[in-house]
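Everything on this sheet refers to the single structure shown next.
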């Protein structure tokens, strides 16, 4: 009888495949709660530059400090991606959700610059010793997970915040790239009409859009390509529409799942893709 000897690399790849399959299984399976350190949810209140911001924590089972994934939602934030949060939490990682300043009852004004700053404000709160202990957070292991508007926010602010180690960007909005040839609000009437409808936001539409135009270089993800290549980055796209700028980024993983902007018909595949990557 022959004894098969597998090279170390093959063994490593097999182990990785098994580990990722197990993570996928846990993502969609019920679990036994630790009686002493159970998973729990908690409402959070952040103060960011004197404005009060609401958040919600999905804390994973077990006493040890954990990698914490911060959800960064789209515009205006109708889809909170709580199905993604619950799936990630079941695999042993914490998830934090929040709304930007000026959104959905939060204090403050809704601006792109404020959305970027809010990432730092949330991480500052979670890094506080008492908060980190209560929420079982590993303060050296933050991941940003953003979709659409939030994908761009995650890539930009995640690239320059030293506490962010990993970034997942899904169907990202790169407003700096979209508006690079735009010089006035009058050239983008559709943006203005849509933004004016967002009654749940404390937003001055003209001010919001003018800031995007005035700072389009600063709000272009490609401006941060050198910083991003030093981070661990996963980009998930539903089509080829962002290829022109994504193809200019280096040292990132790109996965395309043919679907719509919200992955309605490929939701499980999208979640499994990011779960695999988080547990690589």
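The values are calculated or read from the model by the stated rules, or taken from the named source; none is laboratory data. Bear in mind that the values here come from a model prediction, so they are computed numbers and not experimental data. Here the Cβ positions follow ideal geometry from the backbone for every residue, glycine too, while neighbour counts run over all protein chains shown.
Residue count for the range 75-101, restricted to those that are over 18 Å from residue 148 (Cα atoms), in contact with a strand residue (DSSP E or B) (Cβ under 8 Å, 6 or more places away or on another chain) and in contact (Cβ under 8 Å) with a residue 60 or more places away in the chain: 3. Taking the numbered list (1) at pLDDT 95 or above; (2) outside any helix (DSSP H, G or I) in turn, residue 79 passes all entries but (1). Residue 233 falls short on exactly one of the conditions (1) part of a strand (DSSP E or B); (2) under 30 Å from residue 38 (Cα atoms), and that condition is (2). Do we have residue 236 as surrounded by 14 or more Cβ atoms within 10 Å (Cβ to Cβ), within 14 Å of the chain's Cα centre (by Cα), modelled with pLDDT of 95 or more and under 24 Å from residue 163 (Cβ atoms) here? So residue 236 passes the test.
Report yes if some residue within the range 53-65 is closer than 22 Å to residue 231 by Cα and either free of Cβ contacts under 8 Å to residues at least 24 places away in the same chain or out of contact with any helix residue (DSSP H, G or I) (no Cβ under 6 Å at 6 or more places or on another chain) (or both); otherwise report no. Spell out the reasoning first.
In the first step, residues of the range 53-65 are kept if they are closer than 22 Å to residue 231 by Cα; the result is 65.
Next, from what is left, pick out any that are either free of Cβ contacts under 8 Å to residues at least 24 places away in the same chain or out of contact with any helix residue (DSSP H, G or I) (no Cβ under 6 Å at 6 or more places or on another chain) (or both): 65.
The answer is yes; a qualifying residue exists.
Entry remark, the range 102-122: residues being within 24 Å of residue 279 (Cβ to Cβ) and either out of contact with any helix residue (DSSP H, G or I) (no Cβ under 9 Å at 6 or more places or on another chain) or without any contact (Cβ under 8 Å) to a residue 12 or more places away in the chain (or both) number 1 in total.
Could you tell me whether residue 227 is touching a helix residue (DSSP H, G or I) at 6+ places or on another chain (Cβ under 8 Å) and assigned to a loop (DSSP other than H, G, I, E, B)? Before the answer, list the steps.
Values: touching a helix residue (DSSP H, G or I) at 6+ places or on another chain (Cβ under 8 Å): yes; assigned to a loop (DSSP other than H, G, I, E, B): no.
No, not satisfied.
Of the helices (runs of 4 or more DSSP H) lying entirely inside the range 139-218, those containing at least 3 residues that are crowded, with 20+ Cβ neighbours inside 10 Å and under 17 Å from the mean Cα position of the chain (by Cα) are 149-160. Take the conditions (1) touching a residue at least 60 places away in the same chain (Cβ under 8 Å); (2) more than 24 Å from residue 274 (Cβ to Cβ); residue 174 misses just one of them, which is (2). The listed residues are 64, 109, and the only one of them that is touching a strand residue (DSSP E or B) at 6+ places or on another chain (Cβ under 9 Å), in a loop (DSSP other than H, G, I, E, B), at pLDDT 95 or above and within 21 Å of residue 139 (Cα to Cα) turns out to be 64. Residues in the range 239-276 that are buried (at least 19 other Cβ atoms within 10 Å of the Cβ) and touching a strand residue (DSSP E or B) at 6+ places or on another chain (Cβ under 9 Å): 6 in all.
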